[in-house]
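Novice: Right, I'll just put the structure down here and ask away after.
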Amino acid sequence: MRTLFAGLHQFHKEVFEKERIFFEKLSSGQKPVALFVGCSDSRVVPDLIMMTNPGELFILRNAGNIVPPFGASTGGEAATIEFAVSALGVSDIIVCGHSQCGAIKALLDPKSTEKLPMVRQWLQHAETTRRIMEENYPELSPAEKYEVAIQEHVLVQLENLQTHPSVAVKLQRNQIALHGWIYQLETGQVHAFSPRSGIFEPLMGDKPMESAALAGPVTSNVLPGSSAGDSPSPAAGDNASPT
Ligand code: ZN
């Protein structure tokens, strides 16, 4: 905790005081450009990886970047989504998974959550991902399954987002775009799902963001190594590419 207090002190002295006008302006209201749905994992820091300032991103984080379908959970996810879309009017929603995600690992290995009843209960909201992996990818090795599950999981959350009335209405009017991303812990790169190719492609800064929301269900061609990664994931073995 000592380092946290030191950080608070340093922020106030070195950042807040220097940018006092900017921070004072923020107190009058917020107009974030996007809702970012990410994992609670301490290694995935949205404002850091996108270099965004306070006020630019509305952030929803939980274990496993899960968006329960509308009506399936009484947690804060639905309220956060509704507020971001209907009250703040964000124009984009990003669902961002990440490599080495502990929640996905636990989803694929239910025994690992035997002594974590709340985690087990929460992961029931990701049962669709687990079932897709079990039924559609039985031939994959555990490392390949892990990699593909991270991708499929993001696509399932994009579909779940579309069950939320606030999102569905704006999608119908073309007033909102949905994006599926995966952040590579190993390289710092982000891969974005392309509905055209059906795979996750490296996201370039100069390329306009493509909406992953389709008229029908999001369909993928994700396979182990189908995303164009640059370096192998330590957990994926020598022959597999990262997600
Ligand atoms: Zn995670």
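The values are calculated or read from the model by the stated rules, or taken from the named source; none is laboratory data. Note that the structure is a prediction, hence the values are computed from the model and not measured. Virtual Cβ from ideal backbone geometry, glycine too; neighbours counted across all protein chains shown.
Novice: If we keep just the residues of region 106-117 that are part of a helix (DSSP H, G or I) and within 16 Å of the ligand (Cβ to nearest atom), which is farthest from PRO142 (Cα to Cα)? Show your work before the answer.
Specialist: To start, the set of residues in region 106-117 that are part of a helix (DSSP H, G or I) comprises 106-108, 110-113, 117.
Keeping just the survivors that are within 16 Å of the ligand (Cβ to nearest atom) gives 106-108, 112-113.
Values: ALA106: 12, LEU107: 12, LEU108: 9, SER112: 15, THR113: 17 Å.
Only one residue fits best here, namely THR113.
Novice: Test GLU201 against the stated conditions and say whether it is on the phi < 0 side of the Ramachandran plot, assigned to a strand (DSSP E or B), within 17 Å of the chain's Cα centre (by Cα) and among the acidic types (Asp, Glu).
Specialist: On the way: on the phi < 0 side of the Ramachandran plot: yes; assigned to a strand (DSSP E or B): yes; within 17 Å of the chain's Cα centre (by Cα): yes; among the acidic types (Asp, Glu): yes.
In short, yes.
Novice: Being buried (at least 19 other Cβ atoms within 10 Å of the Cβ) and either closer than 16 Å to VAL156 by Cβ or within 14 Å of the ligand (Cβ to nearest atom) (or both) is the filter; apply it to region 64-82 and report the residue that is nearest to the chain's Cα centre (by Cα).
Specialist: First pass over region 64-82, keeping only residues buried (at least 19 other Cβ atoms within 10 Å of the Cβ): 64-68, 70, 77-78, 81.
Now narrow it down to the ones that are either closer than 16 Å to VAL156 by Cβ or within 14 Å of the ligand (Cβ to nearest atom) (or both): 64-68, 70, 77, 81.
Working: GLY64: 8, ASN65: 5, ILE66: 8, VAL67: 9, PRO68: 13, PHE70: 17, GLU77: 13, ILE81: 13 Å.
Only one residue tops the list, namely ASN65.
Novice: Still on this model: Restricting to region 130-147, name every residue that is surrounded by fewer than 24 Cβ atoms within 10 Å (Cβ to Cβ), touching a residue at least 24 places away in the same chain (Cβ under 8 Å) and part of a helix (DSSP H, G or I). It would help to see each step written out before you state the result.
Specialist: Kept after step one, since they are surrounded by fewer than 24 Cβ atoms within 10 Å (Cβ to Cβ), are these residues of region 130-147: 130-145.
Still in the list and also touching a residue at least 24 places away in the same chain (Cβ under 8 Å): 132-133, 140-145.
Residues satisfying the conditions are ILE132, MET133, PRO142, ALA143, GLU144, LYS145.
Novice: Report, ordered by the first and then the second residue, all pairs with beta carbons closer than 7 Å, sequence separation of six or more or different chains, a first member in region 33-53 that is within 11 Å of CYS96 (Cβ to Cβ), and a second member that is of a type in the set (D, E, K, R).
Specialist: From residues that are within 11 Å of CYS96 (Cβ to Cβ), the pairs are ALA34/ASP92; GLY38/ARG61; CYS39/ARG61.
Novice: Quick one: count up the residues across region 43-66 that are outside any loop (DSSP other than H, G, I, E, B), within 21 Å of PHE83 (Cβ to Cβ) and hydrophobic (A, V, I, L, M, F, W, C). Break it down into steps so the answer makes sense when it comes.
Specialist: Quick first cut of region 43-66, residues outside any loop (DSSP other than H, G, I, E, B) only: 46-49, 57-62.
From what's left, within 21 Å of PHE83 (Cβ to Cβ): 46-47, 57-62.
Retained after the next criterion (residues that are hydrophobic (A, V, I, L, M, F, W, C)): 57-60.
Within region 43-66, residues that are outside any loop (DSSP other than H, G, I, E, B), within 21 Å of PHE83 (Cβ to Cβ) and hydrophobic (A, V, I, L, M, F, W, C) number 4.
Novice: Across region 83-100, which residue is nearest to the ligand (Cβ to nearest atom) among those that are among the hydroxyl-bearing types (Ser, Thr, Tyr) and either closer than 30 Å to GLN30 by Cα or surrounded by fewer than 24 Cβ atoms within 10 Å (Cβ to Cβ) (or both)?
Specialist: Looking only at region 83-100, we keep the residues that are among the hydroxyl-bearing types (Ser, Thr, Tyr), and these are 86, 91, 99.
Filter once more, so that each one left must be either closer than 30 Å to GLN30 by Cα or surrounded by fewer than 24 Cβ atoms within 10 Å (Cβ to Cβ) (or both): 86, 91.
Details: SER86: 28, SER91: 26 Å.
Checked region 83-100; the qualifying residue nearest to the ligand (Cβ to nearest atom) is SER91.
Novice: Condition test on ALA103, is it among the aliphatic types (A, V, I, L, M) and over 30 Å from ASN174 (Cβ atoms)? Lay out the reasoning, then the answer.
Specialist: Working: among the aliphatic types (A, V, I, L, M): yes; over 30 Å from ASN174 (Cβ atoms): yes.
Spelling it out, ALA103 is indeed among the aliphatic types (A, V, I, L, M) and over 30 Å from ASN174 (Cβ atoms).
Novice: Same structure again: Could you run through region 2-46 and say how many residues are within 16 Å of the ligand (Cβ to nearest atom) and either modelled with pLDDT under 95 or among the charged types (D, E, K, R) (or both)? Spell out the reasoning first.
Specialist: To start, the set of residues in region 2-46 that are within 16 Å of the ligand (Cβ to nearest atom) comprises 36-46.
From the residues that got through so far, the ones that are either modelled with pLDDT under 95 or among the charged types (D, E, K, R) (or both) too are 41, 43.
Total satisfying the criteria: 2.
Table: residues versus (1) modelled with pLDDT under 95; (2) assigned to a helix (DSSP H, G or I); (3) of a type in the set (Val, Ile, Thr); (4) surrounded by fewer than 18 Cβ atoms within 10 Å (Cβ to Cβ).
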{"site": "ASN160", "(1), (2), (3), (4)": "no, yes, no, no"}
{"site": "ALA168", "(1), (2), (3), (4)": "no, yes, no, yes"}
{"site": "TRP181", "(1), (2), (3), (4)": "no, no, no, no"}
{"site": "MET209", "(1), (2), (3), (4)": "yes, no, no, yes"}
{"site": "ALA212", "(1), (2), (3), (4)": "yes, no, no, no"}
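Novice: Among the numbered criteria (1) more than 16 Å from the chain's Cα centre (by Cα); (2) surrounded by 15 or more Cβ atoms within 10 Å (Cβ to Cβ); (3) among the hydrophobic types (A, V, I, L, M, F, W, C), which single criterion is violated by LEU116?
Specialist: Condition (2) is where LEU116 drops out.
Novice: Further question on the same structure: Quick one: would you say ALA103 is within 16 Å of the ligand (Cβ to nearest atom) and in a helix (DSSP H, G or I)? Talk me through it step by step, then tell me what you get.
Specialist: Numbers: within 16 Å of the ligand (Cβ to nearest atom): yes; in a helix (DSSP H, G or I): yes.
Answer is yes for this residue.
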